[in-house]
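Peer 1: My questions all concern the structure below.
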Amino acid sequence: MSVFVQYLVNGLTIGSFYALVALGYTMIYGIIRLINFAHGDLFMVGAFAGWLVVAAGAGMHLPVAMQLLLALLVAMVVVGLLAMGMERVAYQPLLKSSRLAILITALGVSLALENGAMIAFGAGFDTYPANILPLSGFHLFGAQVGYVQVAMFGLAILLMAGLYLFVQFTPVGTAMRALSFDQDAARLMGINVEGVVLITFLLGGSLAAASGVMMGLYYTQINFMMGFLMGLRAFTAAVLGGIGNIPGAMVGGLLIGVLQSLSAGYISSQWQDVIVFAVLILVLVFKPTGLFGERVVERM
Amino acid sequence: MAIRLGAWRPLVTRWGPLLVLALALIFPLGADSYWLTVGIGILTFAMLGLGLNLVVGYAGLLDLGYAAFYAIGAYTTALLSTVGHMTFWETLPFAVACSAIAGVIVGYPTLRLRSDYLAIVTLGFGEIVRITATNLGFTGGPNGIYAIPSPSIMGYQFFSQDSQYYLAVAFLLVVLFFTRQLAHSRLGRAWLSLREDESASEAVGVPSVRVKLWAYVFGAIFGGLAGAFFAARLTAISPDSFTYTQSINILMVVVLGGMASFPGVILGAAVVVGLPEVLRFMQLWRLFVFAIGLIALMLLRPQGIWPAASRKENPFGPGSERKLGPPLPLEALGRSRDSDGEEAALDVSGLRRRFGGVLAVDDVAFTVRPGEICSIIGPNGAGKTTVFNCITGVTRPDGGEVRLHGRALHGQTPHQVVGAGLSRTFQGIRLFKSMAVYENVLVGMYPHQKANVVDSLLHTGRQRREERDSLLRCQALLRFCGLEELAGHRASELSYGDQRRLEIARALAAQPKVLLLDEPAAGMNPSEKQALMGLVRRIRDLGVTVVLIDHDMNLVMGVSDHVVVLDRGRKIADGTPQEILADERVVAAYLGRDEDDEEVNAWPS
Amino acid sequence: MARRYSWILAAAGAMSLLVAGCGSATTSSSSSSSAPIKIGVPVPLSGSYASAGEDIVDGAKLAAAKINGSGGVLGRKIQIVPVDDACDAQTATQAAQNLVSQNVTAVAGGYCSSASLPELQVFHSQGDLPFVLDASTNPQLTELGYNDVFRTIGRDDEQGPFAANFIANFLHAKKVVVMDDNSTYAVGLQQDTVKALKTYGITATVQHLTPGQSDYTSVLTQINQLHPDVLYYTGYFTEMGLLLKQAHQLGYKFQMVGGDATNDPTVLSTAGSAANGFMLTTAPLAQFLGTAKSYVTEYTQKYGHAPGPYSVYEYDAVSVLAQAIKNADSTKASKINAAIGKIHDFKGLTGTFSFNKIGDRTPAVYITLRVVNGNFTAYKELNDAGQWVSVK
């Protein structure tokens, strides 16, 4: 029992990082039907941006809480803007042509971000200060739970809830939902489609950046390739939940985290990805549009 | 258009290929072993690209795990030649068979998924194959398999770079030959139609799941073949060569080069493999610059560096008689109704369909006699198109029965319905837009063509005869609909009226007993409408029973033998045009809707 | 039919690209008696292993600078030619051929075995170019019967027994888990260690993890249930740091020991205080060799960080090649190969060594390190009598 709870707790922690990135995938897909393969790399850029801020903050002897908050905010803003620039330069001109063409530019952007980061930060690993966060925790049903884990999970849920409320209750959110239904109709209704798409990228990018900073703080290691695997995982999570569906992405992310944790724990770490993908394929065979159905920015 | 050839075209198209082949063959004379190796890399990726092109470029299925088939081919050859002591050539059939089987295994359960979901399934499959190869003992784990013998023919070892290069050229030519055969066949056209519009394709008689599965299987076969070559060439393989990144590279080859374009794919391979090599002098910046180049290329040429031809030569132009034989007379399109039997052409009874809380079709029943023109009319939202969809298997009815000349259609898929002799057109035109006009019609002939996959692969005598017959029939159909001159144009280039007529020609290509036309005159001006009604009568005269939907009472009354009126999902009248005009409920249904101007105006004044 | 043969044009385009390339390659291949002697360094410079590759190239460049500073070899300078093999077999063959076409005299480098193997075959088939491996510890590489392969680093099947001895006779462990990361290198070391542990009567439990995950808490929890005395991890430093940190967070107390690929400062910065007490087995690194003190200083000054695990072996690989070329008084491959074979008691930064018949370094020396107050410090080594003693 205690071991099971331990796996669950660990899975939920990593799952919440996945979920934040998966949200961006799903929102962008919901609106322009693009699988944004560069999204995982936004997460990576976020981690580096936060790392720079933390390092600078430590140099200026700011209090730790201040450093962390600043790192989170700066990373979110920088990466959000980067995502908007990316949309403008590499995607927007191709929105009317074949969807595969955008897919390839997305892969190009991904490659450019990875190698750009390698040039800028080197190929090695950089580390957030290892002892910036407390390692202590408490016991829950015999499982060790870190305070940081709880905080990370809480922050992720907070961000997701914020996004949910934004999409549901603000005019821009309503426009986003309208767009995901029918872009042409939305345009005819006077919605500034380009603007809304840009805001979607801004939001998706910021959430990915937040996840990047949180993951950097929690695991300390960051590297220019860290977005690659994260992108793959988050994409899987988004599809599992039903791509285009915001609650689906959240649940999908958490589920993938837990599934990985359980299969690494009870079977073997070397088979965990096989198990995750096998479960995904099975789910899709029986529920062809994912757990929560697709394109449901509108059905939330 | 990629390059404007102008007056040089005949020269280029005739001698260009030979020139390039000659260049490729003398290339080793001028190249050192490094560029030979790069050349072999390009040739390998061109093979992979051509295979994936069938899946992505033709069938329009996004595959992010294509390296899995590459891996399966490579591992099969590696294992059979090291453990099984087979020669390279003996392992080839097994490599091909294993990857084909893998294609079926991943394809069969998942091909009903929509494209983006399919993409992640293929991605997952690719990862599963790679991780499994890493974790298992007999595949050599992360070390992979060493000491794979090089191929040899009659004692000659393909060990030197030169000989391996020529072997790669030979393999590529084989792959090129067979993929082109497939592309120019019944199967190839069906793939393209699926890419363009899956539900329209199904509705004109293409069994989409089976056709997609073949795309998968052939893609897998050529991937496996490339893998076998790869293993024997490098004499050592490990799971690191078959990563997700590799699948992405192969996808880039196809999309960057130009989907469904053979020269494009080969060029794509040259760029994806060659460019990073050319950029080696940039050291650290190499892949960054490559990425920027990739984005720029895609932005400048969204259709690929060398897109597929946008317009085809008219196959029925001057001189076509020499190839095809004399054109068929239009009478040849006629069909005899003698074998149809005595029963009603179409007998619908108790049809019901509910969408959520709305009963869109409520207990509708009507009968269409053989050889008549029957119209179904009613205001917007009356359930006309839903009735069509239920009849043709697009929507599954909640209850009721549909019989075509006495044969029950219930529970059949759209392509089975077409096969049974019931064709349709769509309210919003759904042509295969980037295919040529004549190709659209040829896709419509799919249900009646007999060429199987082997015929398609080898272009057997039977297949060639059938293609010629189909083209002649296609020519006659296009002439019948007044489109023969436009046969080589892209469907999307046609005017609105021509597109409507092309859709009818495509539906007629399936040789239907009954033809359903969903608002064929929508959006036409009065004279076009009159011409269309003439066409409808001529179709009836061919021996085809016609059922059509329209708002326009003037139009319908002039042409119909029999009119069925629906309102709010129910049938409210059924009779001759005169009876309908006199029916009070019909008048009320139309005139009682002042919120819908079009309907009011549609009433004959 | 208009475009029937247009594909050929495309191929023409492809070819012209190649032909252009050939031209540039052939022009650069002229060599004269005063031109520098080129030494190729095939390593990953892109993708996940790029950092190791850069570290190796830096080591090679320092060696070349040192040699050139004292007049070069045969009156010629040494020039380092790095190429990216991306740890991928096909790219590796292309990279190796690229070096051949640049007329390199010899090769020193290699990182991933999956890339080293095809490279080795290219060099072997292209005139037996000497290839001195600096980081590939897979035993198979020197056992193919090629006479042009050497290595300056020990093999997995030498480190395995050393680690087993340390675990059994010094740590006195009863229950041992040996974990790899599914990479060629780590699986090899895992197998050799498990085999050697058997000779001490210890049946180790084998575990694997998938690298690159960030979260290893599940694997750790699973391992903890076995209540082991020691976890020996044969994979790389990235995961080691995370394993230490996460085990500490979970409150697990078993002793962790790493293989030589965990010998990297990243472990310390990742795990922070959780790294204290961690031990690892390694060939003696520059930092712990009296002979290499100046190397560490120089490297750190030049590149702004401490040398990674393999750069010093690359330094020795390049130095060995220079020595052999000098001894052979020739840049002919066959003569260099023979000269390397004859090198005896070479005084490298990693100690004094020679090569055996198949090209492996003898003797391979290992020591153990321990993290004290956030620093790697030399810990124990085997003396000639086979006893564990503190490193002097």
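The values are calculated or read from the model by the stated rules, or taken from the named source; none is laboratory data. Fair warning: this is a prediction, and the values are worked out from it, not measured in the lab. We place every Cβ from the backbone using ideal geometry, glycine too, and count neighbours over all the protein chains shown.
Peer 1: So which residues in segment B:514-532 are surrounded by fewer than 22 Cβ atoms within 10 Å (Cβ to Cβ) and touching a Leu at 6+ places or on another chain (Cβ under 7 Å), if there are any at all?
Peer 2: Selection gives B:Met524, B:Lys529.
Peer 1: Can you tell which of C:Ser330, C:Ser294, C:Ser319 is assigned to a loop (DSSP other than H, G, I, E, B) and over 24 Å from A:Gln221 (Cβ atoms)?
Peer 2: Answer to the selection: C:Ser330.
Peer 1: Return the pair list, or none, for Cβ contacts closer than 7 Å from residues in segment B:315-333 that are in a loop (DSSP other than H, G, I, E, B) to residues that are among the hydroxyl-bearing types (Ser, Thr, Tyr), at least 6 apart or on different chains.
Peer 2: These pairs meet every condition: B:Pro315/B:Tyr438.
Peer 1: Among A:Glu87, A:Glu114, which is at the interface with chain C (Cβ under 10 Å from one of its Cβ atoms) and of a type outside the set (S, T, N, Q)?
Peer 2: Being at the interface with chain C (Cβ under 10 Å from one of its Cβ atoms) and of a type outside the set (S, T, N, Q) holds for just one of A:Glu87, A:Glu114, which is A:Glu114.
Peer 1: Six or more apart or on different chains, Cβ atoms under 7 Å: show the pairs whose first residue is in segment B:221-239 and closer than 16 Å to C:Ala86 by Cβ and whose second is charged (D, E, K, R).
Peer 2: B:Pro239/B:Arg130
Peer 1: Exactly one condition in (1) within 23 Å of the chain's Cα centre (by Cα); (2) of a type outside the set (Ser, Thr, Tyr); (3) assigned to a helix (DSSP H, G or I); (4) closer than 28 Å to A:Leu34 by Cα is false for B:Phe125; which is it?
Peer 2: The number of the failed condition is (1).
This table checks each residue for (1) assigned to a loop (DSSP other than H, G, I, E, B); (2) modelled with pLDDT under 90; (3) not assigned by TED's automatic domain parsing to the domain that holds C:Pro118.
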| residue | (1), (2), (3) |
| --- | --- |
| C:Ala10 | no, yes, yes |
| C:Leu17 | no, yes, yes |
| C:Gly23 | no, yes, yes |
| C:Gly40 | no, no, no |
| C:Ser48 | yes, yes, no |
| C:Asp55 | no, yes, no |
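Peer 1: Another question about this same structure. Conditions first: (1) touching a strand residue (DSSP E or B) at 6+ places or on another chain (Cβ under 9 Å); (2) surrounded by 16 or more Cβ atoms within 10 Å (Cβ to Cβ); (3) at pLDDT 85 or above; (4) within 23 Å of B:Ala476 (Cα to Cα). B:Lys312 passes all but one, so which condition is the exception?
Peer 2: Result: B:Lys312 passes all but (3).
Peer 1: Please enumerate the residues belonging to segment A:117-156 that are within 19 Å of A:Ala210 (Cα to Cα), aliphatic (A, V, I, L, M) and more than 8 Å from chain C (Cβ to nearest Cβ).
Peer 2: Residues satisfying the conditions are A:Ala117, A:Ile132, A:Leu133, A:Val148, A:Val150, A:Ala151, A:Met152, A:Leu155, A:Ala156.
Peer 1: Of all residues in segment B:132-171 being at the interface with chain C (Cβ under 9 Å from one of its Cβ atoms) and in contact (Cβ under 8 Å) with a residue 40 or more places away in the chain, which is nearest to B:Trp35 (Cα to Cα)?
Peer 2: If we take residues in segment B:132-171 being at the interface with chain C (Cβ under 9 Å from one of its Cβ atoms) and in contact (Cβ under 8 Å) with a residue 40 or more places away in the chain, then B:Gln161 is nearest to B:Trp35 (Cα to Cα).
Peer 1: Which one of these is under 18 Å from C:Leu369 (Cβ atoms) and assigned to a helix (DSSP H, G or I): C:Ser218, C:Ser273?
Peer 2: C:Ser273
Peer 1: Exactly one condition in (1) touching a residue at least 12 places away in the same chain (Cβ under 8 Å); (2) among the polar types (S, T, N, Q); (3) out of contact with any Lys or Arg (no Cβ under 8 Å at 6 or more places or on another chain); (4) more than 18 Å from C:Asp260 (Cα to Cα) is not met by C:Asn327; state its number.
Peer 2: That leaves (3) as the condition not met.
Peer 1: Criterion first (closer than 20 Å to C:Thr238 by Cα, assigned to a helix (DSSP H, G or I) and within 14 Å of another protein chain (Cβ to nearest Cβ)) does C:Ala92 satisfy it?
Peer 2: No: the conditions fail for C:Ala92.
Peer 1: Output the residues belonging to segment A:42-100 that are of a type in the set (Gly, Ala, Ser) and farther than 25 Å from A:Leu232 by Cβ.
Peer 2: Within segment A:42-100, A:Ala55, A:Ala56, A:Gly57, A:Ala58, A:Gly59, A:Ala65, A:Ala71, A:Ser97 qualify.
Peer 1: Quick check, is A:Val78 touching a residue at least 40 places away in the same chain (Cβ under 8 Å), of a type in the set (A, V, I, L, M, F, W, C) and closer than 15 Å to A:Met214 by Cα?
Peer 2: Taking the combined requirement at face value, the residue does not satisfy it.
Peer 1: Looking at (1) over 14 Å from C:Phe150 (Cβ atoms); (2) touching a helix residue (DSSP H, G or I) at 6+ places or on another chain (Cβ under 9 Å); (3) surrounded by fewer than 20 Cβ atoms within 10 Å (Cβ to Cβ), which one does C:Val372 not meet, given that it meets all the others?
Peer 2: Answer for C:Val372: the failing condition is (2).
Peer 1: Quickly run through segment B:241-292 and pick out the residues that are facing chain C (nearest Cβ under 9 Å), surrounded by 24 or more Cβ atoms within 10 Å (Cβ to Cβ), among the polar types (S, T, N, Q) and under 31 Å from the mean Cα position of the chain (by Cα).
Peer 2: Result: B:Ser261, single match.
Peer 1: Could we say that B:Glu313 is in contact with a Phe, Trp or Tyr (Cβ under 9 Å, 6 or more places away or on another chain), within 8 Å of chain C (Cβ to nearest Cβ) and among the acidic types (Asp, Glu) here?
Peer 2: For B:Glu313, the condition - in contact with a Phe, Trp or Tyr (Cβ under 9 Å, 6 or more places away or on another chain), within 8 Å of chain C (Cβ to nearest Cβ) and among the acidic types (Asp, Glu) - is not met.
Peer 1: Select, from C:Leu250, C:Leu209, C:Leu268, C:Leu220, the only residue that is within 14 Å of chain A (Cβ to nearest Cβ), buried (at least 24 other Cβ atoms within 10 Å of the Cβ), of a type outside the set (Gly, Ala, Ser) and closer than 23 Å to A:Leu133 by Cβ.
Peer 2: Every option except C:Leu220 fails the conditions.
Peer 1: Does segment C:335-346 contain any residue that is in the same structural domain as C:Asn138 (by TED's automatic domain parsing), at negative phi and surrounded by fewer than 15 Cβ atoms within 10 Å (Cβ to Cβ)?
Peer 2: Yes: segment C:335-346 contains one or more residues that are in the same structural domain as C:Asn138 (by TED's automatic domain parsing), at negative phi and surrounded by fewer than 15 Cβ atoms within 10 Å (Cβ to Cβ).
Peer 1: Could I ask something else about it? Which ones in segment B:546-593 are within 38 Å of the chain's Cα centre (by Cα), surrounded by fewer than 21 Cβ atoms within 10 Å (Cβ to Cβ) and assigned to a loop (DSSP other than H, G, I, E, B)?
Peer 2: Matches in segment B:546-593: B:Asp561, B:Arg568.
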